[in-house]
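Accompanying notes for the structure given below.
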Amino acid sequence: MKSLTATQRRQGRLLIVLLILSLFELKAFGISNHANAKTTFGFTLGKEWVIIEKWMIDSRTGCFIFSLLAIAGSLIGLARVRVKKGPGLGTGIASFSLMMGFLCWAAAGKFIPFTGMLQGSLLLAVPLVFGSMSGLLCERSGVINIAIEGQLLAGAFASGVVASLTHKTTWGLLVAPLAGALISILLATFAIKFSVDQVILGFVLNVLVIGLTNFLYKKLLIPYQGTWNSGPSFSHIEIPIIGKIPIIGPIFFNQTVIVYLMYIIVATITFSLFRTKWGLRTRAIGEHPSAADSVGIDVNKLRFRNVVVAGLVSGLGGAYFTVGSVGTFGKEMTAGAGFIALAALIFGKWTPMGALSAALLFGFADNLQGTLSIIGVSIPSEFMLMVPYIATIIAVSGLVGRVRAPKADGIHYSRGESH
């Protein structure tokens, strides 16, 4: 691969890893698999149009077929990379086939609600997507946002309490971004105006929010639960016609308003960051603030605004934990989602679609281990929980591409300084 570019060499290494895993799956789960049981995949959830309700396949046969497809996808991708083209569909075919082969083996004799599993994966990824978009806005502007966890938790707390007091999910949804923005104002004030170390500041803000919400939960929400912590939650809204499309419809178009807002926010950030003057200026202050300053851009003012907007986004994501799902607030209910969102941002190489894909991967891995545990698969759930983190390590190590933060990320800027 000496004549290939660095990107092509990394693509080649990833495909080689997929090929090795495919060969292992073929040997371990296909050739050496003596299980005489069928794996059943379910593809319907409710009232959507039905093309195929369920699919039954022999476990060993399924592993064998999908392993061969994974090998073929890997080889096709490698062949394309060798002639200096992108891997095309090779990586996708290999990855999907590897997953299906694993499911055929792991769920032998069991029923896998395939559409339901994908729908659950999307739902688990929702707060991660909001969190990663918040981190993206901050770090593209040159400010490290470790406080995503605190912003999500503040949004969840505020939305749950307000929805409980007003009995209106709409009010809970409206106040959640404001709670996230309040944490962002603290972050921006101390990081930008007073040059406080941004990593340490982020952790301090997380501890502050966790401590404050735990105190109020113990002193207010538990003793007066009927008044302060018994809020309603949004019901699902099915979009006509497209909500009836098999598999795709129930997953993407029969969701709550928060999920639909997530689609809009991701699309807006993607377009704005790369197709507008604001996006150009944001990327400039995150990469070369002194150059941006030289053409009249107020670096710190724009950074401050972007950090506050990022807080609005993550606060809205926090609302998903309460009015978007269970309605009530639970102690530390975000459970580290902010840090996982930060990992998704790094995995996604500080791009909107990359962060979205990484968040969906985390959500899928989380839901997969839950699904396998429910159906009684004898694989320790701890091993499944490790999958997204292993994937992150692989990404950071450079196997799937060089990971580089914006050049001025975390560096305080004062007018007249050069970086």
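The values are calculated or read from the model by the stated rules, or taken from the named source; none is laboratory data. These figures come from a predicted structure and were not determined experimentally. Using ideal geometry, Cβ is built from the backbone for each residue, glycine included, and neighbour counts are taken over all protein chains shown.
Of the conditions (1) in contact with a helix residue (DSSP H, G or I) (Cβ under 8 Å, 6 or more places away or on another chain); (2) over 17 Å from K193 (Cα atoms); (3) at pLDDT below 95, S314 satisfies every one except a single condition; which number is it? Against the list (1) in contact with a helix residue (DSSP H, G or I) (Cβ under 8 Å, 6 or more places away or on another chain); (2) over 17 Å from K193 (Cα atoms); (3) at pLDDT below 95, S314 comes up short only on (3).
Determine which member of the set F24, F41 is in a helix (DSSP H, G or I), closer than 16 Å to F102 by Cα and of a type outside the set (A, V, I, L, M). Testing whether each residue is in a helix (DSSP H, G or I), closer than 16 Å to F102 by Cα and of a type outside the set (A, V, I, L, M) leaves just F24. The single condition from (1) over 13 Å from the mean Cα position of the chain (by Cα); (2) assigned to a helix (DSSP H, G or I) that V143 fails is (2).
Residues that are modelled with pLDDT under 80 and among the small types (G, A, S) number at least 3 in the following helices (runs of 4 or more DSSP H) confined to the stretch 320-419: 387-397. Of all the listed residues (I71, I76, I112, I57), the sole one being free of Cβ contacts under 8 Å to residues at least 60 places away in the same chain, of a type outside the set (D, E, K, R) and within 27 Å of G370 (Cα to Cα) is I57.
Within the stretch 153-167, can you find the residues that are of a type outside the set (A, V, I, L, M, F, W, C), more than 20 Å from A337 (Cβ to Cβ) and either part of a helix (DSSP H, G or I) or in contact with a Leu (Cβ under 9 Å, 6 or more places away or on another chain) (or both)? The answer is S164, T166. Taking the criterion of being under 27 Å from G88 (Cβ atoms) and of a type in the set (A, V, I, L, M, F, W, C), the residues of the stretch 24-42 that qualify are F24, L26, F29, F41. Among the residues making up the stretch 326-365, none is acidic (D, E) and within 11 Å of the chain's Cα centre (by Cα). Only one entry of F96, F102 meets the criterion of being under 21 Å from the mean Cα position of the chain (by Cα), surrounded by fewer than 24 Cβ atoms within 10 Å (Cβ to Cβ), at pLDDT below 95 and aromatic (F, W, Y), and that entry is F96. Every residue in the stretch 190-206 that is in contact (Cβ under 8 Å) with a residue 40 or more places away in the chain and not in a loop (DSSP other than H, G, I, E, B), please. Scanning the stretch 190-206 gives A191, I192, K193, Q198, V199, L201, G202, F203, L205, N206. Among the residues of the stretch 4-19, is there at least one that is of a type in the set (S, T, Y) and surrounded by 18 or more Cβ atoms within 10 Å (Cβ to Cβ)? No: zero hits. Residue count for the stretch 273-298 satisfying the condition of being assigned to a helix (DSSP H, G or I) and either touching a residue at least 60 places away in the same chain (Cβ under 8 Å) or among the charged types (D, E, K, R) (or both): 12. Scanning the stretch 193-210 for residues that are small (G, A, S) and either loosely packed, with under 14 Cβ neighbours inside 10 Å or modelled with pLDDT under 95 (or both) yields a total of 1.
Taking the criterion of being of a type in the set (S, T, N, Q) and over 18 Å from the mean Cα position of the chain (by Cα), the only residue of the stretch 106-140 that qualifies is T115. The condition (being more than 30 Å from I239 (Cα to Cα) and small (G, A, S)) is satisfied by just one residue among G46, G30, G42: G30.
One residue alone among T270, T213 is within 24 Å of D409 (Cβ to Cβ), surrounded by 14 or more Cβ atoms within 10 Å (Cβ to Cβ) and touching a residue at least 60 places away in the same chain (Cβ under 8 Å), and that residue is T270.
Among all residues of the stretch 251-259, there is none that is without any contact (Cβ under 8 Å) to a residue 60 or more places away in the chain and under 21 Å from I183 (Cα atoms).
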